Amino acid sequence: MSNETSITRVHARRVWDSRGRPTVEAEVSLRGGAVGRSIVPAGASKGMREALELRDGGKAFGGQDVQLAVANVNGEIARAVLGMAADDQVAIDEVLIALDGSPNRGRLGANSLLAVSMAAAHAAANARGVPLYRYLGGAAATLLPMPQIQIFGGGAHAGRRVDIQDFMVVCPGAASFAQALEWTAEVYRHAGELMAERGSQLGVADEGGWWPAFDANEDALEALVAAIERSGLVPGEQVAIALDIAASEFGHNGRYTLGLERRQLDSDGLIELLLRWCDKFPIASIEDPLGEDDGAAFARFTAAVGRRVQVVGDDLLVSSAELVRESAAAGAANTVLLKPNQRGTLTETLRCWEVARALGYGGIVSARSGETEDTTIVHLAIGWQVGQLKVGSFARGERMAKWNEALRIEERLGARARYAGVGVFGCNPA
Ligand code: 2PG
Ligand code: MG
(Lines give C-alpha, C1' and ligand atoms only; values in the text may rest on other atoms or scores of the structure.)
(Ligands and ions follow the chains in the order given, each with its own letter.)
Protein backbone atom coordinates (compact mmCIF):
# COMPACT_ATOMS: atom_id res chain seq x y z
CA MET A 1 0.00 0.00 0.00
CA SER A 2 2.75 2.47 0.92
CA ASN A 3 3.97 2.37 -2.66
CA GLU A 4 0.46 3.20 -3.83
CA THR A 5 0.34 6.15 -1.45
CA SER A 6 3.73 7.57 -2.30
CA ILE A 7 3.48 11.22 -3.33
CA THR A 8 4.25 11.80 -7.00
CA ARG A 9 3.06 15.39 -7.44
CA VAL A 10 2.31 18.45 -5.31
CA HIS A 11 0.72 21.43 -6.96
CA ALA A 12 -0.55 24.67 -5.49
CA ARG A 13 -2.56 27.44 -7.06
CA ARG A 14 -4.04 30.72 -5.92
CA VAL A 15 -7.82 30.60 -5.38
CA TRP A 16 -10.18 33.09 -3.66
CA ASP A 17 -11.91 33.07 -0.28
CA SER A 18 -15.31 34.27 0.93
CA ARG A 19 -14.02 37.83 1.37
CA GLY A 20 -12.69 37.86 -2.18
CA ARG A 21 -9.09 37.57 -0.99
CA PRO A 22 -6.41 35.27 -2.38
CA THR A 23 -5.71 32.00 -0.60
CA VAL A 24 -3.76 28.79 -1.22
CA GLU A 25 -5.15 25.56 -2.65
CA ALA A 26 -2.93 22.47 -2.88
CA GLU A 27 -3.31 19.16 -4.67
CA VAL A 28 -1.35 16.07 -3.72
CA SER A 29 -1.25 13.15 -6.20
CA LEU A 30 -0.21 9.60 -5.34
CA ARG A 31 1.38 6.81 -7.33
CA GLY A 32 -1.78 4.70 -7.18
CA GLY A 33 -3.78 7.49 -8.83
CA ALA A 34 -5.49 9.02 -5.80
CA VAL A 35 -5.56 12.81 -5.51
CA GLY A 36 -6.32 15.01 -2.50
CA ARG A 37 -7.12 18.69 -2.54
CA SER A 38 -7.55 21.32 0.13
CA ILE A 39 -7.86 25.11 0.55
CA VAL A 40 -6.67 27.04 3.59
CA PRO A 41 -8.92 29.61 5.31
CA ALA A 42 -7.92 32.99 6.81
CA GLY A 43 -8.86 34.80 10.04
CA ALA A 44 -9.58 38.47 10.66
CA SER A 45 -9.53 38.52 14.45
CA LYS A 46 -6.26 36.72 14.94
CA GLY A 47 -4.39 35.75 18.07
CA MET A 48 -0.93 37.24 18.43
CA ARG A 49 0.56 33.78 19.04
CA GLU A 50 -0.92 32.17 15.92
CA ALA A 51 1.32 30.68 13.27
CA LEU A 52 1.94 33.28 10.56
CA GLU A 53 0.33 33.14 7.15
CA LEU A 54 2.56 34.38 4.37
CA ARG A 55 1.18 37.33 2.37
CA ASP A 56 3.05 39.06 -0.41
CA GLY A 57 2.53 42.67 0.68
CA GLY A 58 2.68 45.38 -1.98
CA LYS A 59 -0.21 47.00 -3.80
CA ALA A 60 -2.12 44.11 -5.35
CA PHE A 61 -5.19 42.91 -3.41
CA GLY A 62 -4.30 45.08 -0.43
CA GLY A 63 -1.04 43.22 0.10
CA GLN A 64 -2.95 39.94 0.60
CA ASP A 65 -1.67 38.02 -2.41
CA VAL A 66 -0.21 34.55 -1.81
CA GLN A 67 2.13 34.07 -4.77
CA LEU A 68 5.06 33.50 -2.42
CA ALA A 69 3.20 30.81 -0.49
CA VAL A 70 2.09 29.16 -3.74
CA ALA A 71 5.68 29.21 -4.99
CA ASN A 72 6.86 27.69 -1.70
CA VAL A 73 4.50 24.75 -2.18
CA ASN A 74 5.42 24.23 -5.82
CA GLY A 75 9.14 24.51 -5.06
CA GLU A 76 10.72 23.72 -1.71
CA ILE A 77 7.77 21.91 -0.15
CA ALA A 78 7.02 19.74 -3.18
CA ARG A 79 10.68 18.67 -3.38
CA ALA A 80 10.71 17.77 0.32
CA VAL A 81 7.62 15.56 0.34
CA LEU A 82 7.85 13.89 -3.08
CA GLY A 83 8.18 10.13 -2.56
CA MET A 84 6.86 10.27 1.02
CA ALA A 85 3.89 8.10 2.01
CA ALA A 86 0.76 10.25 2.15
CA ASP A 87 -0.68 8.01 4.87
CA ASP A 88 2.18 8.86 7.23
CA GLN A 89 0.73 12.22 8.29
CA VAL A 90 3.08 12.63 11.23
CA ALA A 91 6.17 12.15 9.07
CA ILE A 92 4.89 14.58 6.44
CA ASP A 93 4.04 17.23 9.01
CA GLU A 94 7.42 16.81 10.73
CA VAL A 95 9.16 17.38 7.41
CA LEU A 96 7.04 20.49 6.79
CA ILE A 97 7.85 21.89 10.23
CA ALA A 98 11.58 21.17 9.94
CA LEU A 99 11.71 22.60 6.44
CA ASP A 100 10.11 25.85 7.59
CA GLY A 101 12.54 25.97 10.50
CA SER A 102 11.05 29.10 12.12
CA PRO A 103 9.24 29.08 15.46
CA ASN A 104 6.04 30.58 14.01
CA ARG A 105 5.95 29.05 10.49
CA GLY A 106 6.77 32.51 9.20
CA ARG A 107 9.42 31.47 6.67
CA LEU A 108 7.32 29.29 4.35
CA GLY A 109 3.98 30.39 5.83
CA ALA A 110 1.39 28.40 7.77
CA ASN A 111 -0.88 28.77 4.72
CA SER A 112 1.52 26.92 2.40
CA LEU A 113 2.26 24.21 5.00
CA LEU A 114 -1.37 23.59 5.94
CA ALA A 115 -2.55 23.35 2.33
CA VAL A 116 -0.15 20.44 1.81
CA SER A 117 -0.77 18.87 5.22
CA MET A 118 -4.54 18.74 4.55
CA ALA A 119 -4.27 17.75 0.89
CA ALA A 120 -2.02 14.81 1.85
CA ALA A 121 -4.66 13.58 4.31
CA HIS A 122 -7.36 13.83 1.63
CA ALA A 123 -5.16 11.94 -0.83
CA ALA A 124 -4.48 9.16 1.67
CA ALA A 125 -8.20 8.83 2.47
CA ASN A 126 -9.03 8.71 -1.23
CA ALA A 127 -6.37 6.05 -1.79
CA ARG A 128 -8.13 3.90 0.80
CA GLY A 129 -11.51 4.67 -0.70
CA VAL A 130 -12.93 6.03 2.58
CA PRO A 131 -14.19 9.48 3.59
CA LEU A 132 -11.67 11.62 5.47
CA TYR A 133 -13.46 11.38 8.84
CA ARG A 134 -13.30 7.61 8.61
CA TYR A 135 -9.64 7.64 7.56
CA LEU A 136 -8.83 9.83 10.57
CA GLY A 137 -11.00 8.16 13.18
CA GLY A 138 -11.74 4.64 11.99
CA ALA A 139 -14.93 2.88 13.05
CA ALA A 140 -15.06 4.93 16.26
CA ALA A 141 -15.72 8.16 14.33
CA THR A 142 -19.47 8.31 14.90
CA LEU A 143 -19.89 11.42 17.09
CA LEU A 144 -21.71 14.22 15.27
CA PRO A 145 -20.70 17.61 16.69
CA MET A 146 -22.99 20.08 18.40
CA PRO A 147 -22.85 23.06 16.05
CA GLN A 148 -22.25 26.64 17.25
CA ILE A 149 -24.08 28.74 14.68
CA GLN A 150 -23.88 32.51 14.42
CA ILE A 151 -27.12 34.52 14.30
CA PHE A 152 -25.65 38.04 14.59
CA GLY A 153 -22.10 38.82 13.49
CA GLY A 154 -20.21 41.68 15.09
CA GLY A 155 -16.73 42.84 16.05
CA ALA A 156 -14.03 42.61 13.38
CA HIS A 157 -16.49 40.81 11.07
CA ALA A 158 -18.97 43.70 10.95
CA GLY A 159 -16.89 46.86 10.87
CA ARG A 160 -16.96 46.83 14.69
CA ARG A 161 -20.63 47.88 14.58
CA VAL A 162 -20.99 46.14 17.98
CA ASP A 163 -18.11 45.09 20.21
CA ILE A 164 -19.02 41.44 20.74
CA GLN A 165 -18.00 39.32 17.72
CA ASP A 166 -20.26 36.26 17.58
CA PHE A 167 -23.80 35.91 18.90
CA MET A 168 -24.45 32.22 18.30
CA VAL A 169 -26.85 29.43 19.24
CA VAL A 170 -26.21 25.84 20.27
CA CYS A 171 -28.86 23.12 20.39
CA PRO A 172 -28.20 20.94 23.44
CA GLY A 173 -31.78 19.67 23.31
CA ALA A 174 -31.67 18.39 19.73
CA ALA A 175 -31.78 14.67 19.06
CA SER A 176 -29.56 14.78 15.99
CA PHE A 177 -27.31 17.06 13.99
CA ALA A 178 -30.08 17.36 11.40
CA GLN A 179 -32.52 18.56 14.05
CA ALA A 180 -29.99 21.07 15.40
CA LEU A 181 -29.84 22.56 11.90
CA GLU A 182 -33.64 22.62 11.59
CA TRP A 183 -33.96 24.51 14.87
CA THR A 184 -31.16 26.89 13.96
CA ALA A 185 -32.73 27.57 10.56
CA GLU A 186 -35.91 28.71 12.34
CA VAL A 187 -34.00 30.88 14.82
CA TYR A 188 -31.98 32.46 12.02
CA ARG A 189 -35.12 33.15 9.99
CA HIS A 190 -37.01 34.64 12.93
CA ALA A 191 -34.02 36.79 13.89
CA GLY A 192 -34.02 38.20 10.36
CA GLU A 193 -37.76 38.91 10.54
CA LEU A 194 -37.32 40.60 13.87
CA MET A 195 -34.64 42.88 12.46
CA ALA A 196 -36.86 43.65 9.44
CA GLU A 197 -39.74 44.66 11.73
CA ARG A 198 -37.45 47.08 13.54
CA GLY A 199 -36.28 48.50 10.25
CA SER A 200 -32.75 47.32 10.99
CA GLN A 201 -32.34 44.40 8.61
CA LEU A 202 -29.25 45.64 6.83
CA GLY A 203 -27.86 42.43 5.32
CA VAL A 204 -25.25 40.11 6.76
CA ALA A 205 -21.74 40.27 8.24
CA ASP A 206 -18.61 38.33 7.14
CA GLU A 207 -19.76 34.93 8.35
CA GLY A 208 -23.39 35.29 7.26
CA GLY A 209 -24.90 36.43 10.59
CA TRP A 210 -27.38 39.33 10.46
CA TRP A 211 -25.75 42.74 10.49
CA PRO A 212 -25.76 43.86 14.16
CA ALA A 213 -27.71 47.13 14.05
CA PHE A 214 -28.09 47.47 17.84
CA ASP A 215 -27.71 50.37 20.28
CA ALA A 216 -26.09 48.22 22.97
CA ASN A 217 -24.39 44.81 23.01
CA GLU A 218 -27.08 43.52 25.36
CA ASP A 219 -29.83 44.33 22.81
CA ALA A 220 -28.41 41.61 20.59
CA LEU A 221 -28.80 39.09 23.42
CA GLU A 222 -32.42 40.14 23.91
CA ALA A 223 -33.10 39.81 20.19
CA LEU A 224 -31.53 36.37 20.21
CA VAL A 225 -33.78 35.14 23.02
CA ALA A 226 -36.81 36.65 21.24
CA ALA A 227 -35.87 34.81 18.04
CA ILE A 228 -35.56 31.50 19.91
CA GLU A 229 -38.99 32.03 21.50
CA ARG A 230 -40.61 33.04 18.21
CA SER A 231 -39.32 29.77 16.80
CA GLY A 232 -41.37 27.93 19.42
CA LEU A 233 -38.23 26.63 21.11
CA VAL A 234 -37.34 26.71 24.80
CA PRO A 235 -34.37 29.03 25.48
CA GLY A 236 -31.71 27.35 27.57
CA GLU A 237 -33.16 23.87 27.22
CA GLN A 238 -33.57 23.26 23.54
CA VAL A 239 -31.56 26.17 22.22
CA ALA A 240 -28.98 28.10 24.23
CA ILE A 241 -26.70 31.04 23.52
CA ALA A 242 -22.98 30.83 22.76
CA LEU A 243 -20.87 34.00 22.54
CA ASP A 244 -17.45 34.80 21.17
CA ILE A 245 -16.54 38.01 22.96
CA ALA A 246 -13.19 38.15 21.08
CA ALA A 247 -12.05 40.51 23.84
CA SER A 248 -8.49 40.81 22.47
CA GLU A 249 -10.02 42.90 19.69
CA PHE A 250 -11.16 45.68 22.02
CA GLY A 251 -8.91 45.37 25.03
CA HIS A 252 -5.24 45.45 25.96
CA ASN A 253 -3.46 45.26 29.29
CA GLY A 254 -6.70 44.86 31.18
CA ARG A 255 -8.47 47.94 29.68
CA TYR A 256 -11.48 47.18 27.51
CA THR A 257 -13.23 49.77 25.37
CA LEU A 258 -16.86 49.09 24.49
CA GLY A 259 -17.03 51.45 21.52
CA LEU A 260 -20.77 51.01 20.97
CA GLU A 261 -21.58 52.01 24.53
CA ARG A 262 -18.77 54.59 24.79
CA ARG A 263 -17.36 53.20 28.00
CA GLN A 264 -14.21 51.61 29.32
CA LEU A 265 -14.03 48.66 31.67
CA ASP A 266 -11.15 47.10 33.53
CA SER A 267 -10.81 43.28 33.64
CA ASP A 268 -13.05 42.92 36.66
CA GLY A 269 -15.62 45.27 35.18
CA LEU A 270 -15.81 43.10 32.08
CA ILE A 271 -16.02 39.94 34.20
CA GLU A 272 -18.88 41.49 36.17
CA LEU A 273 -20.72 42.43 32.97
CA LEU A 274 -20.36 38.92 31.53
CA LEU A 275 -21.45 37.27 34.77
CA ARG A 276 -24.52 39.51 34.75
CA TRP A 277 -25.30 38.37 31.21
CA CYS A 278 -24.87 34.74 32.30
CA ASP A 279 -27.47 35.31 35.04
CA LYS A 280 -29.90 37.12 32.77
CA PHE A 281 -29.66 35.13 29.52
CA PRO A 282 -29.52 31.40 28.73
CA ILE A 283 -25.79 31.43 27.92
CA ALA A 284 -24.09 28.03 27.63
CA SER A 285 -20.69 28.96 26.21
CA ILE A 286 -18.40 32.02 26.16
CA GLU A 287 -15.25 32.28 24.04
CA ASP A 288 -12.37 34.67 24.73
CA PRO A 289 -14.21 36.55 27.52
CA LEU A 290 -10.98 38.41 28.23
CA GLY A 291 -7.95 39.32 26.19
CA GLU A 292 -5.10 37.03 25.18
CA ASP A 293 -2.79 39.17 27.35
CA ASP A 294 -5.06 38.97 30.40
CA GLY A 295 -4.57 35.35 31.51
CA ALA A 296 -5.07 35.95 35.23
CA ALA A 297 -8.45 37.60 34.65
CA PHE A 298 -9.35 34.81 32.21
CA ALA A 299 -8.75 32.35 35.07
CA ARG A 300 -10.82 34.48 37.48
CA PHE A 301 -13.72 34.44 35.05
CA THR A 302 -13.42 30.66 34.52
CA ALA A 303 -13.53 30.09 38.28
CA ALA A 304 -16.42 32.50 38.73
CA VAL A 305 -18.75 30.86 36.19
CA GLY A 306 -17.85 27.43 37.53
CA ARG A 307 -19.51 24.60 35.68
CA ARG A 308 -22.48 26.61 34.48
CA VAL A 309 -20.81 27.89 31.34
CA GLN A 310 -18.26 26.51 28.91
CA VAL A 311 -15.28 28.90 28.71
CA VAL A 312 -13.47 28.67 25.39
CA GLY A 313 -9.94 29.82 24.61
CA ASP A 314 -9.32 30.91 21.02
CA ASP A 315 -6.85 33.83 20.91
CA LEU A 316 -5.71 32.72 24.35
CA LEU A 317 -4.74 29.18 23.26
CA VAL A 318 -4.31 29.42 19.45
CA SER A 319 -4.64 25.61 19.11
CA SER A 320 -1.31 25.14 20.90
CA ALA A 321 -0.74 22.07 23.08
CA GLU A 322 1.81 24.06 25.09
CA LEU A 323 -0.55 26.95 25.80
CA VAL A 324 -3.36 24.53 26.74
CA ARG A 325 -1.03 22.94 29.30
CA GLU A 326 -0.12 26.34 30.73
CA SER A 327 -3.67 27.58 30.88
CA ALA A 328 -4.94 24.36 32.46
CA ALA A 329 -2.35 24.82 35.18
CA ALA A 330 -3.54 28.40 35.65
CA GLY A 331 -7.24 27.45 35.55
CA ALA A 332 -7.99 29.59 32.49
CA ALA A 333 -10.69 28.25 30.11
CA ASN A 334 -12.07 24.71 30.04
CA THR A 335 -12.41 24.27 26.27
CA VAL A 336 -10.05 24.82 23.36
CA LEU A 337 -11.00 26.16 19.94
CA LEU A 338 -9.15 24.17 17.26
CA LYS A 339 -8.20 26.02 14.09
CA PRO A 340 -5.62 24.15 12.00
CA ASN A 341 -4.26 27.33 10.43
CA GLN A 342 -3.34 28.68 13.86
CA ARG A 343 -0.65 25.96 13.88
CA GLY A 344 0.04 25.09 10.23
CA THR A 345 -0.21 21.29 10.29
CA LEU A 346 -2.90 18.71 11.10
CA THR A 347 -0.54 16.82 13.42
CA GLU A 348 0.06 19.81 15.71
CA THR A 349 -3.66 20.62 15.79
CA LEU A 350 -4.49 17.02 16.71
CA ARG A 351 -1.76 17.02 19.37
CA CYS A 352 -3.36 20.09 20.92
CA TRP A 353 -6.72 18.31 21.05
CA GLU A 354 -5.17 15.18 22.57
CA VAL A 355 -3.46 17.20 25.30
CA ALA A 356 -6.63 19.21 25.94
CA ARG A 357 -8.83 16.12 26.14
CA ALA A 358 -6.42 14.42 28.56
CA LEU A 359 -6.63 17.51 30.79
CA GLY A 360 -10.44 17.33 30.84
CA TYR A 361 -10.94 20.17 28.37
CA GLY A 362 -13.67 20.22 25.79
CA GLY A 363 -12.93 21.10 22.17
CA ILE A 364 -14.53 22.93 19.25
CA VAL A 365 -13.21 22.63 15.71
CA SER A 366 -13.59 26.05 14.11
CA ALA A 367 -13.65 27.64 10.70
CA ARG A 368 -12.15 31.09 10.06
CA SER A 369 -14.01 34.21 9.03
CA GLY A 370 -12.38 33.94 5.58
CA GLU A 371 -13.53 30.56 4.27
CA THR A 372 -14.12 28.57 1.08
CA GLU A 373 -16.05 25.53 -0.09
CA ASP A 374 -13.43 23.32 1.60
CA THR A 375 -15.08 21.03 4.17
CA THR A 376 -12.01 19.46 5.80
CA ILE A 377 -12.86 20.82 9.26
CA VAL A 378 -16.13 18.87 9.36
CA HIS A 379 -14.16 15.66 8.90
CA LEU A 380 -11.66 16.71 11.57
CA ALA A 381 -14.46 17.34 14.08
CA ILE A 382 -15.98 13.90 13.47
CA GLY A 383 -12.75 11.95 12.80
CA TRP A 384 -11.10 13.30 15.95
CA GLN A 385 -14.33 12.98 17.99
CA VAL A 386 -14.14 16.57 19.17
CA GLY A 387 -17.89 16.96 19.72
CA GLN A 388 -18.38 20.61 18.68
CA LEU A 389 -18.08 22.55 15.42
CA LYS A 390 -18.14 26.33 14.80
CA VAL A 391 -18.50 27.48 11.22
CA GLY A 392 -20.18 30.90 11.25
CA SER A 393 -23.79 31.46 10.35
CA PHE A 394 -26.64 29.71 8.57
CA ALA A 395 -26.16 31.52 5.28
CA ARG A 396 -23.52 31.88 2.56
CA GLY A 397 -22.20 28.95 0.58
CA GLU A 398 -18.85 28.61 2.33
CA ARG A 399 -20.71 28.10 5.64
CA MET A 400 -23.54 25.92 4.31
CA ALA A 401 -21.01 23.65 2.55
CA LYS A 402 -19.80 22.58 6.00
CA TRP A 403 -23.24 22.10 7.58
CA ASN A 404 -24.40 20.12 4.55
CA GLU A 405 -21.29 17.92 4.62
CA ALA A 406 -22.01 17.02 8.26
CA LEU A 407 -25.60 16.16 7.29
CA ARG A 408 -24.31 13.75 4.63
CA ILE A 409 -22.01 12.09 7.15
CA GLU A 410 -24.80 11.75 9.71
CA GLU A 411 -26.98 10.09 7.08
CA ARG A 412 -24.18 7.79 5.99
CA LEU A 413 -23.50 6.70 9.58
CA GLY A 414 -27.18 5.88 10.01
CA ALA A 415 -27.97 4.18 13.29
CA ARG A 416 -24.33 4.41 14.35
CA ALA A 417 -24.44 8.23 14.43
CA ARG A 418 -24.57 9.82 17.88
CA TYR A 419 -25.32 13.52 18.33
CA ALA A 420 -23.14 15.19 20.93
CA GLY A 421 -25.27 16.51 23.79
CA VAL A 422 -24.24 18.86 26.61
CA GLY A 423 -21.84 16.17 27.78
CA VAL A 424 -19.32 17.52 25.28
CA PHE A 425 -19.12 20.93 26.97
CA GLY A 426 -15.73 21.54 28.52
CA CYS A 427 -17.34 22.73 31.75
CA ASN A 428 -19.02 19.38 32.12
CA PRO A 429 -16.30 16.71 31.83
CA ALA A 430 -17.60 13.17 31.49
C1 2PG B 1 -13.04 33.45 15.78
C2 2PG B 1 -13.07 33.33 14.27
C3 2PG B 1 -14.35 32.73 13.78
P4 2PG B 1 -11.49 34.77 12.79
O5 2PG B 1 -12.62 34.48 16.34
O6 2PG B 1 -13.36 32.50 16.47
O7 2PG B 1 -15.50 33.43 14.22
O8 2PG B 1 -12.83 34.56 13.66
O9 2PG B 1 -11.42 33.68 11.81
O10 2PG B 1 -11.63 36.13 12.17
O11 2PG B 1 -10.37 34.71 13.79
MG1 MG C 1 -12.78 33.50 18.40
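The values are calculated or read from the model by the stated rules, or taken from the named source; none is laboratory data. Remember, predicted model here, so these are calculated numbers, not experimental data. All Cβ positions, glycine included, derive from the backbone under ideal geometry; neighbour counts span all protein chains shown. Only protein heavy atoms, including side chains, enter the accessible area calculation; ligands, DNA and RNA are left aside. Shrake-Rupley method; radii C 1.70, N 1.55, O 1.52, S 1.80 Å.
Numbers at a glance
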| quantity | calculated |
| --- | --- |
| Accessible area of the range 52-147 divided out per residue, in Å², using a probe of 1.4 angstrom | 37 |
| Cα centroid of the range 217-253 to Cα centroid of the range 17-80, whole Å | 34 |
| Derived scalar couplings ³J(HN,Hα) [the range 168-182; Karplus, 6.51 cos²θ - 1.76 cosθ + 1.60; whole Hz; x for Gly, Pro] | 10, 10, 10, 10, x, x, 6, 8, 8, 4, 4, 5, 4, 5, 4 |
| With all protein chains modelled, accessible area of Lys280 [1.4 Å, Å²] | 120 |
| Straight-distance crosslink candidates among lysines, where the alpha carbon sits under 25 Å from Lys46 and sequence neighbours closer than 8 are dropped | Lys59, Lys339, Lys390, Lys402 |
| Where a label projected 7 Å from the Cα of Glu373 along Cα→Cβ would reach, residues of the range 30-55 with amide N under 20 Å | 35-42 |
| On Cα atoms only, tilt of 346-358 relative to the major axis of the chain in degrees | 50 |
| Candidates Ala98, Ala86, Ala42: whichever shows maximal mean-square fluctuation once the chain is modelled as a Gaussian network with Cα springs under 10 Å | Ala98 |
| Helix-derived mean residue ellipticity, 222 nm - over the chain, DSSP H n ≥ 4, -39500 (n - 2.57), to 500 | -11000 deg cm²/dmol |
| With DNA, RNA and ligands ignored, accessible area of Glu354 (1.4 Å probe; Å², nearest 10) | 90 |
| Amide N of the range 249-266 lying under 17 Å from the label point, which is placed 7 angstrom from the Cα of Asn104 along Cα→Cβ | 249 |
| Spacing of the two label points (7 Å from each Cα toward its C-beta) at Asn3 and Ala60, in nm | 4.3 |
| Average Cα contact separation per residue, the range 304-430, under 8 Å, 6 or more apart, as relative contact order % | 25 |
| Under Karplus coefficients 6.51, -1.76 and 1.60, residue-wise ³J(HN,Hα) of the range 36-46 in Hz, glycine/proline x | x, 9, 7, 10, 8, x, 9, x, 10, 9, 9 |
| The range 138-425: relative contact order as a whole-number percent, Cα under 8 Å and 6+ apart | 23 |
| Surface accessible to a 1.4 Å probe, Thr257 within the full protein complex, Å² | 60 |
| DSSP bridge orientation in the chain - percent antiparallel, rounded to nearest 5 | 55 |
